[in-house]
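Report on one structure; see the data block that follows.
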Amino acid sequence: MKILVTGGAGFIGSNFIHYWLKNHPDDKIVNLDKLTYCGNLENLKEVESNKNYQFVKGDICEGELINKVMKGIDKVVHFAAESHVDRSILEPSTFIQTNIIGTQILLEAALKNEVKHFHHISTDEVFGALKLDDPAKFNENTRYDPRSPYSASKAASDHLVMAYHITYGLPVTITNTSNNYGPYQYPEKLLPLAITNLIEGKKVPIYGDGKYVRDWLYVEDHCRAIDLVLTKGRIGETYCIGGLTDDVNNLELIKKVLKIMGKDESVLEYVKDRLGHDRRYAVDWSKAKNELGYQPECDLDTYLEKTIQWYQANESWWKRIKSGEYQEYYQRQYGK
Ligand code: NAD
Ligand code: TYD
């Protein structure tokens, strides 16, 4: 089988490529990535020489190139996106371009080239915000209610994916997944930002009161879920994928990090809140469990520790990132 992975040089995409080549060694992977600020071929050094792996530098918005790359592809796993909420608040237009237009261009090429399965990676953020202390969770029937330019662009892409299925019969599936953590995550997202700041002796910025809840999913569990959808998922269906956490708020999460790293709470810095900040996400993954046998295996405490150890052991990876364009972004987002 030949799989086109888009955005495979990013955080989840690169973890997925490692996972797939290890677990399906006879399959071929073409990784198409534009290498934006967060695309990093260093994430894939170990597979560079694998004969079943090929890298193509390109933009999902370039129709001609996409059409060429799509030839002979059996399945598409579409990760490529602008993925950071704070950047979407600073500059929404690239989110519209890549996440909406780019997805439509891929769908068109997949249809033309009779791809057998187009799997779209999406987020739980399309469902909006839940209330604190409310037992409700997002599921596949939750009404879409995106509240940031990022989640609105992902919601639009989900609708396009389903429209191509219903209107043209393109065989699609979607996963709406919660907050991932693990190796190779660009240090603008909460956990890698906090861990690397602490290693550098810097403070950890906490937005608002810190009582914002996310559902934390270890990236390898996410890769296993995508594998299940690609092999057993029903065409035309959406699956919500979450982790093993139970309403952990940002402060509680960061306090776990401080404990593992031997730091005290004086390193916390309460900063201006994010605009339109979604209070709580929680995911009910029972459909994936009942239909596909999905079961996350990685508990937060153990895998948080493993994640911290990875950033401690791979300082050169994130130090190179933090010395480039990142500085400019950090100044703009957090001031001095
Ligand atoms: P990331 O930002 O680390 O990586 C995105 C990748 O896409 C990068 O390699 C980048 O170079 C590439 N890319 C961006 N624009 C492109 C374009 N126009 N053409 C080709 N490549 C382009 O993102 P991530 O965290 O790995 O997220 C991957 C996917 O998973 C995204 O679709 C995101 O919305 C979704 N998702 C992420 C999370 C999370 O917690 N990180 C949770 C749920 C869903
Ligand atoms: P983030 O990692 O950006 O993921 P998302 O916004 O997609 O959930 O943020 C996770 C949570 O952490 C979110 O509630 C915002 C908060 N946060 C901070 O408190 N400080 C920070 O510096 C960052 C980046 C995020």
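The values are calculated or read from the model by the stated rules, or taken from the named source; none is laboratory data. Given the structure is predicted, the values throughout are model-derived calculations rather than measurements. When we count neighbours, we look across all protein chains shown, and the Cβ atoms used for this are built from the backbone with ideal geometry, even at glycine. SASA here: full protein model, heavy atoms, side chains in, ligands and nucleic acids out. Shrake-Rupley method; radii C 1.70, N 1.55, O 1.52, S 1.80 Å.
Rounded to the nearest 20 Debye, what is the dipole magnitude of the stretch 78-128 about its Cα centre when Lys and Arg each give +1 and Asp and Glu each give -1 at the C-beta? Intermediate values should be presented prior to the final figure.
On the way: 3 positive and 7 negative charges, 46 e Å.
Here the size comes out at about 220 debye.
Can you sort 247, 227 by solvent-accessible area, 1.4 Å probe, largest first?
Putting 247, 227 in descending order of accessible area: 247, 227.
Among 24, 159, 277, 222, what's the order by accessible area (1.4 angstrom probe), most exposed first?
Ranked from most to least accessible, the order is 159, 24, 277, 222.
Run the paramagnetic zone check for residue 51: 7 angstrom along Cα to Cβ, then residues of the stretch 1-19 with backbone nitrogen under 18 Å.
1-3
So what is the relative contact order for the stretch 228-336, in percent, with contacts set as C-alpha pairs under 8 Å and at least six apart?
41
Charges on Cβ only, +1 for Lys and Arg, -1 for Asp and Glu, centred on the Cα centroid of the stretch 2-334; of 196, 24, 138, which one is farthest towards the dipole's positive end?
24
Going by alpha carbons, how many degrees (0 to 90, nearest 10) lie between the helix axis of 103-112 and the longest principal axis of the chain?
Long axis of 103-112 versus the principal axis of the chain: about 20 degrees.
Residues with amide H under 5 Å of residue 186's amide H, sequence separation 5 or more or different chain, H placed in the peptide plane at 1.01 Å from N; which?
Residues meeting the criterion, in which the H sits 1.01 Å from N, are 11.
Dividing the Cα convex hull volume of the stretch 84-140 by residue count, how many Å³ per residue is that?
Value for the stretch 84-140: 97 Å³ per residue.
Once ligands and nucleic acids are excluded and a 1.4 Å probe is used, how much of residue 66 is accessible, expressed in Å² to the nearest 10?
Near enough 0 Å² of accessible area.
How big is the dipole moment of the stretch 40-179 about its Cα centre under a simple scheme where the beta carbon of each Lys and Arg is +1, that of each Asp and Glu is -1, and everything else is neutral? Debye, nearest 20, please. Please list the in-between numbers first.
Working: 14 positive and 19 negative charges, 73 e Å.
For the stretch 40-179, the charge dipole is close to 360 debye.
Place a +1 charge on the Cβ of each Lys and Arg in the stretch 2-334 and a -1 charge on the Cβ of each Asp and Glu, then give the dipole magnitude about the Cα centre in debye, rounded to the nearest 20.
Approximately 380 debye in magnitude.
At a 1.4 Å probe radius, which order do 101, 29, 166 fall into by accessible area, largest first?
Values: 101 70, 29 0, 166 135 Å².
Heavy-atom accessible area, descending, gives 166, 101, 29.
To the nearest µm²/s, what D does Stokes-Einstein give for the chain at 37 °C and 0.692 mPa s, using the Kirkwood radius over alpha carbon pairs as Rh?
In µm²/s, the coefficient rounds to 162.
Below 8 Å, C-alpha to C-alpha, sequence gap of six or more: please give me the relative contact order for the chain in percent.
Averaging sequence separation for qualifying contacts and normalising by length gives 17 percent for the chain.
Straight-line reach from residue 263: which lysines fall under 26 Å, measuring Cα to Cα and dropping same-chain residues less than 8 apart?
Excluding near neighbours in sequence, the set is 189, 202, 203, 211, 255, 272, 306, 319, 322, 336.
What angle, in degrees between 0 and 90 and rounded to the nearest 10, separates the Cα long axis of helix 149-168 from the longest principal axis of the Cα atoms of the chain?
Once rounded, the angle reads 20 degrees.
Summing -39500 (n - 2.57) over the DSSP H runs of n ≥ 4 in the chain and dividing by its residue number, what mean residue ellipticity at 222 nm do you reach, to the nearest 500 deg cm²/dmol?
-12000 deg cm²/dmol
If you roll a 1.4 angstrom probe over the protein chains with everything in place, what fraction of the accessible area of the chain belongs to carbon and sulfur, to the nearest %?
48
Angle, helix 190-199 long axis vs. longest principal axis of the chain, Cα atoms, 0 to 90°, nearest 10?
50
Could you tell me which residue out of 173, 212, 73 lies farthest along the dipole of the chain toward its positive end? Charges go on the beta carbon: Lys and Arg +1, Asp and Glu -1, centred on the Cα centre.
73
Quote to one decimal, in nm, the extra length available between residue 96 and residue 144 on full extension: 0.36 nm per residue of separation minus the C-alpha distance between them.
Using 0.36 nm per residue and subtracting the Cα-Cα distance, I get 15.5 nm.
Using amide H atoms built 1.01 Å from N in the peptide plane, name the residues 5+ places from residue 138, or on other chains, whose amide H lies under 5 Å from its own.
282, 283, 284
With θ set to phi - 60°, apply the Karplus curve 6.51 cos²θ - 1.76 cosθ + 1.60 along the stretch 34-51 and write out the HN-Hα couplings as whole Hz, x wherever there is a Gly or Pro.
7, 6, 6, 3, 9, x, 9, 5, 4, 5, 10, 3, 5, 10, 3, 8, 5, 5
For residue 56, which sequence-distant residues (separation of 5 or more, or a different chain) have an amide H within less than 5 Å of its own amide H, given hydrogens modelled in the peptide plane?
Here the answer is 31, 32, 33, since their amide H atoms fall under 5 Å of that of residue 56.
State, to one decimal in nm, how far the label point of residue 297 lies from the label point of residue 329, with both points 7 Å from Cα in the Cβ direction.
So the label points at residue 297 and residue 329 sit 3.1 nm apart.
Strictly over 21 Å apart at the Cα level, which of 22/68; 28/232; 28/57; 137/256; 51/75; 112/232 would you flag in this model?
Going by Cα-Cα distance, 22/68; 137/256; 112/232 fall outside the 21 Å limit.
What accessible surface, in Å², does a 1.4 Å probe find on residue 238, ignoring ligands, DNA and RNA and rounding to the nearest 10?
30
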